[in-house]
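Report on the structure given below.
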Amino acid sequence: MSCRAWIPLRPLPTSLPSHPMAAALGTATTAPAAAPTVPRGCGYGRRRVAVRRGRDAPARRLLLHAGASPAVAGPDAPDEAAVEPLVEAAAPETSKLSKLACPICYYPLTSSGDQSGDASSLECSTCKKVYPNKQDYWDLTVAVGSTEYSESMPAATEFFRTPLVSFLYERGWRQNFIWGGFPGLEREFEMAKTYLNPTIGGTIVDASCGSGLFSRLFVKSGLYYLVVALDFSENMLKQCNEYVKQENISDERLALVRADISRLPFVSGSIDAVHAGAAIHCWPSPACAVAEISRVLRPGGVFVASTFVADVIPPAIPILEIGRPYISQVTGNNIFLSEVELEDLCKACGLVNFKFVRSGFYIMFSTTKAS
């Protein structure tokens, strides 16, 4: 989950850099390289494929297992203007289980369905553990099904599992991030799309999705074959599902999954992109989480995240260096003191080509799975 707190905005620099995203923010940036345009007759192209509903497209529960993504753009990815907001038709039924995996042993899952064709549960082909369909989402946490055992997460994680916080998240909570330098939802989404451009047409996981702010935008954009809205909070996922229904968003390319960020239920090397908006500072172990993200990303896959960096008040840095271990133990929140720490974390987990944009406490960064 992500930390949702008011943070004062630092005055922005007076000199404006040349990069378009930095120009919008008025901040320093290391810009993502622009992707070259692909000729219309090759690669992803602009071919429209109609998506049929009904018996040929049985809804979210089966599309959750979407197989190898069709025509994922690589180094020759099309620019944003050349991409139609439609992707290839759904994968054949036989390939829909190829990415989803047991979070215990990471072996693929098989489905059991009812007469309507919807999967009612998933079973690991190796350890035989069964994962239920909770109607609003799939529960793919390790301890699901336990009757006697229970465990609590850090305070920040438990806080965002409450119904009240889930209800308030899009009703003023997330909007207040602008005081910490966050550029606003629409601008943040456009910035993320720039970094994610090489993965258009593939599968994206919106990690710690909360109530699905970005998950729904990814679905509406039509740029991805499958969007997985993933969070540990049951109430956040229920809230996400309510918004999906209210906004009349098709769930043919959307899957809601409850999972632990440090134990992702995907086959290794099967995901094209992972997005985590305002989340990494609330993960119990950022190192374990980023290592998991690196595991599930395909070579050349992209990880884009935004968070807070507390280096805008230099006199406070020595105090924060001493106190942040205790803050983390009590609250479950992590404090980053520079973008160098984030780059070092990504590099340690096999992610390269670190790029970032800064504005006050806010940072958005992008990094790539090494080929």
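Is it the case, given these coordinates, that E158 is within 23 Å of S359 (Cβ to Cβ), acidic (D, E), part of a helix (DSSP H, G or I) and at pLDDT below 95? Here the answer is no, as E158 does not meet what is asked.
Filtered by the rule that a residue be crowded, with 16+ Cβ neighbours inside 10 Å and under 21 Å from the mean Cα position of the chain (by Cα), segment 143-166 gives M153, P154, A156, T157, F159, F160, R161, V165, S166. All of (1) in a loop (DSSP other than H, G, I, E, B); (2) acidic (D, E); (3) open to solvent by less than 20 Å² (accessible area, probe 1.4 Å) hold for D311 with one exception: (3). For I200, the test of being surrounded by 24 or more Cβ atoms within 10 Å (Cβ to Cβ), touching a residue at least 24 places away in the same chain (Cβ under 8 Å) and closer than 30 Å to A143 by Cβ is failed.
Somewhere in segment 280-294, is a residue within 19 Å of F218 (Cα to Cα) and either outside any helix (DSSP H, G or I) or without any contact (Cβ under 8 Å) to a residue 60 or more places away in the chain (or both)? Checked segment 280-294: no residue is within 19 Å of F218 (Cα to Cα) and either outside any helix (DSSP H, G or I) or without any contact (Cβ under 8 Å) to a residue 60 or more places away in the chain (or both).
Of all residues in segment 287-307, count the ones that are open to solvent by less than 20 Å² (accessible area, probe 1.4 Å) and not aliphatic (A, V, I, L, M).
Restricting attention to segment 287-307, the residues satisfying the condition of being open to solvent by less than 20 Å² (accessible area, probe 1.4 Å) are 289-290, 292-294, 296-297, 301-307.
Applying the additional criterion that residues be not aliphatic (A, V, I, L, M) yields 292, 294, 301, 303, 306-307.
Total satisfying the criteria: 6.
Being surrounded by fewer than 16 Cβ atoms within 10 Å (Cβ to Cβ), of a type outside the set (S, T, N, Q) and not in a loop (DSSP other than H, G, I, E, B) is a property that W179 has.
The values are calculated or read from the model by the stated rules, or taken from the named source; none is laboratory data. Since the model is a prediction, treat every value here as computed from it, not as a measurement. Positions of Cβ are generated from backbone atoms using ideal geometry, with glycine treated the same way; all protein chains shown enter the neighbour counts. Ligands, DNA and RNA are excluded from the accessible area calculation, which covers all protein heavy atoms including side chains. Shrake-Rupley method; radii C 1.70, N 1.55, O 1.52, S 1.80 Å.
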